[in-house]
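Please treat every number below as a calculation from the coordinates, not as lab data. This structure is a prediction, so every number in the text was calculated from the model and none was measured. As a convention, Cβ positions derive from the backbone with ideal geometry for all residues, glycine included, and neighbour counts pool all protein chains shown.
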Amino acid sequence: MSEITNSPLDVAPLVTRGSKGSRLGLGTVIVVAVLLAFAPAITGDATTNDLTQFFILLIMAVGWNLVAGYGGMISIGQQAFIGFASYAVLDLSLHGVLAWYGVPIAIVLSGLVSIPVSFLAFRLRGGYFAIGTWVIAQVFQLVIGQQSNLGGGAGASLNDLNNLSPITRDDITYWFALALCVLALGVTGFLLRSRIGMALVAVRDDEHSAAATGVSVVRTKRFIFILSAAICGGAGALLIISNLEVQPNSSFAIQYSAFMIFMVLVGGIGSFEGPIIGAVIFFILEQTLDNYGVWYLVILGAFAIIVTLWLPRGIWGAIDPRHRRSLVPLRYELHVDEG
């Protein structure tokens, strides 16, 4: 009697979200976040302030990666929402709202103000969109610079936190930055696991094909633009409560876009891990080369050129070229169990 072999009908495919490695990575990220919450009690003030600045950079990178890496919209004007949120916190404080409470309000306001901006910016495509967003950011700067109650072109200081000791203020700012950083990463991960995330990737890869399958292209892009603006607004709100002052030229500086582009392109655009890697590298380079003056920017630019030439998909793209690894369980995996 011949031996009976399994037929294709006996093979049961199993679809899972992520792998053991990605779930382990997610657990590691959670443990690191919990440990970082105790950093002010362990490290010195200088380290706490440095970590706060790192979290702000990472939040910026996450926000830009959403709009460019997943939305396919190359913006060089996200600093509009960074500066807007900084001034929103200042304006709220002048009207009696404590700066700590002004942070979440400024984030919401950044998202809301991005709605009319999107209707204007989405009339442009490609390079015109990039330049258009930069022009919009310049308009924000010019309008804010004309507001005498906000200090005009000279800027203003945030005074309602002066009654706290510097150590207490820095620690609270650190926890705010850590919380917003975790929230930005968490929202990104949740989004990428949702149907909106799949629609977003489809729109980024081919708008016409996505529209043919029933995806609302404009609505999806507008949603991610608003979310990116809110996240960048969170970075701006953190900047004013950490620096305690704002000035139009610095708050709306295009250097923020340069930093965001550097971090995302070097780390790996369109990936969850890319902004994290890029922010770490940028922060290390900034801390190491800050005393080199103009040469700091030269070395930074040379490093970005080398990475983009040798690793066009970024560092994480070289580590995970086939999208089989992830710090968090984002991707579907097919397993075949033989019965």
>> Taking only the Cα atoms of the stretch 88-127, how large is their convex hull per residue, in Å³?
In response: 77 Å³
> What is the gain in length, in nm to one decimal, between T28 and D50 on full extension, counting 0.36 nm per residue of separation less the C-alpha to C-alpha distance?
Replying inline: 5.7 nm
>> From Cα pairs below 8 angstrom and at least 6 apart in sequence, can you work out the relative contact order of the stretch 34-168, rounded to a whole percent?
In response: 26 percent
> So what is the calculated 222 nm ellipticity per residue for the chain, using -39500 (n - 2.57) for each DSSP H run with n of 4 or more, over all residues, to the nearest 500 deg cm²/dmol?
Replying inline: -22000 deg cm²/dmol
> Among P116, G102, G69, whose Cα lies farthest out toward the positive end of the dipole of the stretch 15-252, if unit charges sit on the beta carbon of Lys, Arg (+1) and Asp, Glu (-1)?
Replying inline: G69
> Using the Kyte-Doolittle scale, which helices in the chain average at least 0.0 and also have C-alpha atoms spread 30 Å or more along the helix axis, with helices defined as whole DSSP H runs?
Replying inline: 99-121, 166-193, 217-243
> Any idea what the relative contact order of the stretch 15-252 is, in percent, if you count C-alpha pairs under 8 Å spaced at least 6 apart?
Replying inline: 38 percent
> Dividing the convex hull volume of the Cα atoms of the stretch 153-301 by its residue count, what figure in Å³ per residue is obtained?
Replying inline: 149 Å³
>> Test of understanding: what is the full-extension gain from T288 to I42, defined as 0.36 nm times their sequence separation minus their Cα-Cα distance?
In response: 86.3 nm
> Size of the dipole of the chain about the Cα centre, Lys and Arg at +1 and Asp and Glu at -1 on the beta carbon, nothing else charged, in debye to 20?
Replying inline: 760 debye
> Dipole of the stretch 203-277, Cα-centred, from +1 at each Lys and Arg C-beta and -1 at each Asp and Glu C-beta, to the nearest 20 debye?
Replying inline: 200 debye
> Listed highest first by mean packing, meaning other Cβ atoms within 10 Å per residue, what order do 107-120, 194-207, 285-298, 236-249 come in?
Replying inline: 236-249, 107-120, 194-207, 285-298
>> Please compute the alpha carbon radius of gyration of the stretch 211-262, then divide it by the globular-protein estimate 2.2 N^0.38 Å. Two decimals is fine.
In response: 1.57
>> Give me P(r) over the stretch 15-252, computed from all C-alpha to C-alpha distances, binned every 5 Å, as integer percentages.
In response: 1, 7, 13, 16, 17, 15, 12, 9, 6, 3, 1, 0
>> I'm checking a number: the convex hull volume of the Cα atoms of the stretch 126-182, normalised per residue, in Å³. What is it?
In response: 119 Å³
